[in-house]
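Reviewing the structure listed below.
Throughout, read-outs are computed from the coordinates displayed, never taken from laboratory work. Everything numeric here is computed off the predicted structure, so don't read it as measured data. Cβ: placed from backbone, ideal geometry, glycine included. Neighbour counts: every protein chain shown.
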C-alpha cells in the first residue's frame, strides 16, 4: 500500500506537547524537546512506534486518521479510520 509523509508530525515522529500540565508523566514525553510521540503514524497502535509515514486516504492524500471504536470482545476494542480504512485493536486486559 502506498504511503506518504504523516500530515500531523510532518515525518518527524514527534508532536508538540503544548500546555498539558501532566505531560511529564505521559508515556512518550521527551522533556528535552517538549514533545510527544505522534499518534497518527504508528504511535496509536498498542506497542507501536511512530514511523513518520501513513497510508493514503481514499482521496490519495496522506491520511490524518479519525478512528471510531467498537467493542469486539470482553476487553478488546477495534478502531477503524473513516478516511483510509486503517484499523487496529487494543486489548485492555481488564
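Being surrounded by fewer than 11 Cβ atoms within 10 Å (Cβ to Cβ) and at positive phi is the filter here; which residues of the stretch 2-57 pass it?
If the condition is that a residue be surrounded by fewer than 11 Cβ atoms within 10 Å (Cβ to Cβ) and at positive phi, then 18, 47 are the ones that fit.
On the basis of being on the phi > 0 side of the Ramachandran plot and within 17 Å of the chain's Cα centre (by Cα), does residue 93 make the cut?
When the stated conditions are applied, residue 93 does not pass them.
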